[in-house]
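**Student:** My questions will all concern the structure given below.
The values are calculated or read from the model by the stated rules, or taken from the named source; none is laboratory data. The model shown is predicted, which means the values in this text are computed figures rather than measured ones. Backbone-built Cβ (ideal geometry, glycine too); neighbour counts: all protein chains shown.
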């Protein structure tokens, strides 16, 4: 391939990229890179080709091209080539490559080998299930994986499942002056075994409801009162939302994540702790089977 032909193909790739024709752009980049893998601008071409396949959710190609992009990127400087490779390697469960990619980006990882299960803080993730979107809180296990710590209201989604999320925040939540990023879900990485239940709870005081939530949390289960769930349009959801911390007293439905028998036992224990003001009724199982990873 002559350089003049390569130049024309790159021009076409740029045009396809601007039109969000990710497959065509990636194909054009690859045609050029087969002949010119190490020209001065080749690192950018490798990166864009890998990113195009990331947008297409073609993780095998994103990984293959991402390895080449990262090999041409400076280490320890936050180069996004490492981030995209880290995502693709994580999805492939190639922990050696994922660890190297995160280190190349500039992260300090927990010592050891294999799967990364660290403490990377709290953030939000926008779950996406067949067009249903819901923002929930998660505990980040690595730069791209998090464990869901709300009980989702979206059908088929569960407390405790682990998701892979993107690296660019799309919105933020502000609680008590602290800002938390909202990331988009890329896929479900590991399902949760905990079924979702729903129960009507009467709590005379806010502290009564807080006690119930704490009781389930202490047993590694989840509890989510209806009063904590708010609905926003897509535009607002991707912006900055100030959220009030705390729960409200009264009678309301509460979503639970726990085996049914254990949930009944905890509800009885909670209701029996005071002489009056606490009760529950109408416990229902909302789902029977966890989703499988994508």
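**Student:** What single numbered condition from (1) under 14 Å from residue 182 (Cα atoms); (2) touching a strand residue (DSSP E or B) at 6+ places or on another chain (Cβ under 7 Å) fails to hold for residue 143?
**Tutor:** (2)
**Student:** Would you check if residue 274 is assigned to a loop (DSSP other than H, G, I, E, B) and either modelled with pLDDT of 75 or more or outside the structural domain of residue 186 (by TED's automatic domain parsing) (or both)?
**Tutor:** Values: assigned to a loop (DSSP other than H, G, I, E, B): yes; either modelled with pLDDT of 75 or more or outside the structural domain of residue 186 (by TED's automatic domain parsing) (or both): yes.
Here the answer is yes, as residue 274 does meet what is asked.
**Student:** Name every residue in the range 74-105 that is within 13 Å of residue 116 (Cα to Cα) and in a loop (DSSP other than H, G, I, E, B), in order of residue number. Steps first, answer last, please.
**Tutor:** Residues of the range 74-105 within 13 Å of residue 116 (Cα to Cα): 86-87, 89-91, 93-103.
Passing the criteria: 93, 94.
**Student:** Surrounded by fewer than 22 Cβ atoms within 10 Å (Cβ to Cβ) and either within 22 Å of residue 185 (Cα to Cα) or at pLDDT 95 or above (or both): is that true of residue 57 in this structure?
**Tutor:** yes
**Student:** Has the range 53-63 got at least one residue that is over 18 Å from residue 164 (Cβ atoms), outside the structural domain of residue 144 (by TED's automatic domain parsing) and in contact with a helix residue (DSSP H, G or I) (Cβ under 9 Å, 6 or more places away or on another chain)?
**Tutor:** The initial filter retains those residues of the range 53-63 that are over 18 Å from residue 164 (Cβ atoms), namely none.
Scanning the range 53-63 turns up no residue that is over 18 Å from residue 164 (Cβ atoms), outside the structural domain of residue 144 (by TED's automatic domain parsing) and in contact with a helix residue (DSSP H, G or I) (Cβ under 9 Å, 6 or more places away or on another chain).
**Student:** Just to be sure before I move on: is residue 199 in a strand (DSSP E or B) and either without any contact (Cβ under 8 Å) to a residue 12 or more places away in the chain or closer than 16 Å to residue 120 by Cβ (or both) in the structure I sent?
**Tutor:** The answer is no for residue 199.
**Student:** Give 6, 43, 25, 16 a once-over and let me know the one that is over 18 Å from residue 87 (Cα atoms), modelled with pLDDT under 95 and outside any loop (DSSP other than H, G, I, E, B).
**Tutor:** 6
**Student:** Within the range 182-201, how many residues turn out to be surrounded by fewer than 17 Cβ atoms within 10 Å (Cβ to Cβ), closer than 26 Å to residue 90 by Cα and out of contact with any helix residue (DSSP H, G or I) (no Cβ under 9 Å at 6 or more places or on another chain)?
**Tutor:** Selection size over the range 182-201: 2.
**Student:** Here's a follow-up. Go through (1) at pLDDT 95 or above; (2) part of a helix (DSSP H, G or I) and name the single condition residue 164 misses.
**Tutor:** Among (1) at pLDDT 95 or above; (2) part of a helix (DSSP H, G or I), the lone unmet condition for residue 164 is (2).
**Student:** Shifting gears a bit: Quick check on my filter: what residues within the range 153-175 are under 15 Å from residue 222 (Cβ atoms) and touching a residue at least 40 places away in the same chain (Cβ under 8 Å)?
**Tutor:** Those that are under 15 Å from residue 222 (Cβ atoms) and touching a residue at least 40 places away in the same chain (Cβ under 8 Å): 153, 157, 158, 159, 160, 161.
**Student:** Which count do you get for residues in the range 167-180 that are assigned to a strand (DSSP E or B) and surrounded by fewer than 16 Cβ atoms within 10 Å (Cβ to Cβ)?
**Tutor:** Residues that pass the stated criteria total 4.
**Student:** Take residue 134 and tell me if it is in a strand (DSSP E or B), over 23 Å from residue 58 (Cβ atoms) and touching a strand residue (DSSP E or B) at 6+ places or on another chain (Cβ under 9 Å).
**Tutor:** yes
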